[in-house]
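Peer 1: Let me begin by handing over the structure; questions about it come next.
The values are calculated or read from the model by the stated rules, or taken from the named source; none is laboratory data. None of these values were measured; they are calculated from a predicted model. With ideal geometry, Cβ positions are generated from the backbone for all residues, glycine too; neighbour counts draw on all protein chains shown. Accessible surface areas use protein heavy atoms only, side chains included; no ligands, DNA or RNA. Shrake-Rupley method; radii C 1.70, N 1.55, O 1.52, S 1.80 Å.
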Amino acid sequence: MKKDKVILTRVERGIAERVEYIASNSKDLELTKSEVVRIILHAFFKSQKDKDFDKVRKLAVKMRKRRL
């Protein structure tokens, strides 16, 4: 897998804690927090196929209206 871009972002505390929980409870796989986030993003985009643009926009609207 080619890793040539880095994206830094802030997330809500609850999300950060869930990512840390997954990573810390996956010692057998030696998952890092970055890998957990990359896997989640990969799964999201893989499942959405061509609908990812519209789905992200809808989720952004919900998040801004505090419905997510």
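Peer 1: Considering lysine pairs in the chain that are 8 or more places apart or on different chains, how many have Cα atoms under 16 Å apart?
Peer 2: Numbers: Lys3/Lys33; Lys46/Lys55; Lys49/Lys58; Lys55/Lys65.
Counting lysine pairs in the chain gives 4.
Peer 1: Among Val37, Val19, Val11, whose mean-square fluctuation peaks in a Gaussian network model of the chain (Cα, cutoff 10 Å)?
Peer 2: Val11
Peer 1: I would also like to ask the following. To the nearest 0.05, how large is the calculated FRET efficiency for Arg64 and Arg38 if R₀ is 30 Å and r is the Cβ-Cβ distance?
Peer 2: With R0 = 30 Å, the Cβ-Cβ based efficiency is 0.75.
Peer 1: Sticking with this one: If we count GluC sites (Glu not before Pro) as exposed when they sit in a DSSP loop and have at most 16 other beta carbons within 10 Å, what is the longest stretch of the chain that avoids them all? If you can, show how the numbers build up before the last one.
Peer 2: Numbers: sites that count: Glu12, Glu30.
Within the chain, the longest run free of exposed GluC sites (Glu not before Pro) spans 31-68.
Peer 1: Using a 1.4 Å probe on the protein chains only, how many percent of the accessible area of the chain belongs to carbon and sulfur?
Peer 2: Details: 3830 of 7070 Å².
Result for the chain: 54 percent of the exposed heavy-atom area is carbon or sulfur.
Peer 1: Say R0 is 25 Å: what FRET efficiency, to the nearest 0.05, do Asp28 and Asp4 get from their beta-carbon distance?
Peer 2: On the way: r = 29 Å, r/R0 = 1.16.
Efficiency, rounded to the nearest 0.05: 0.30.
Peer 1: Using just the helices of the chain, give the 222 nm mean residue ellipticity in deg cm²/dmol: DSSP H runs with n ≥ 4 each add -39,500 (n - 2.57), and the total is spread over all residues, rounded to 500.
Peer 2: On the way: 3 runs with 41 residues, N = 68.
Value at 222 nm, helices only, nearest 500: -19500 deg cm²/dmol.
Peer 1: Another one. With a probe of 1.4 Å, find how much accessible area the chain has per residue, and write the answer as a whole number in Å².
Peer 2: Working: 7070 Å² over 68 residues.
Accessible area per residue, the chain: 104 Å².
Peer 1: Another question, then. Translational diffusion coefficient, Stokes-Einstein: compute it for the chain using the Kirkwood radius over C-alpha pairs as Rh, at 37 °C and 0.692 mPa s, and state it as an integer in µm² s⁻¹.
Peer 2: On the way: Rh = 13.8 Å.
Value of D from the Cα-based Kirkwood radius: 237 µm²/s.
Peer 1: As an exercise, identify the trypsin sites (Lys or Arg not before Pro) in segment 1-52 lying in DSSP coil whose Cβ has no more than 11 other Cβ atoms within 10 Å. Let's see the in-between values first.
Peer 2: Details: sites: Lys2, Lys3, Lys5, Arg10, Arg13, Arg18, Lys27, Lys33, Arg38, Lys46, Lys49, Lys51; in loops: Lys2, Lys3, Lys5, Arg10, Lys27.
For trypsin sites (Lys or Arg not before Pro) across segment 1-52 that sit outside H, G, I, E and B with at most 11 neighbouring Cβ atoms in 10 Å, the list reads Lys2, Lys3, Lys5, Arg10, Lys27.
Peer 1: For the residue pair Arg57 and Glu20, what label-to-label distance in nm results when each label sits 7 Å from Cα along the Cα-to-beta-carbon direction?
Peer 2: If labels sit at Arg57 and Glu20, their model points lie 3.6 nm apart.
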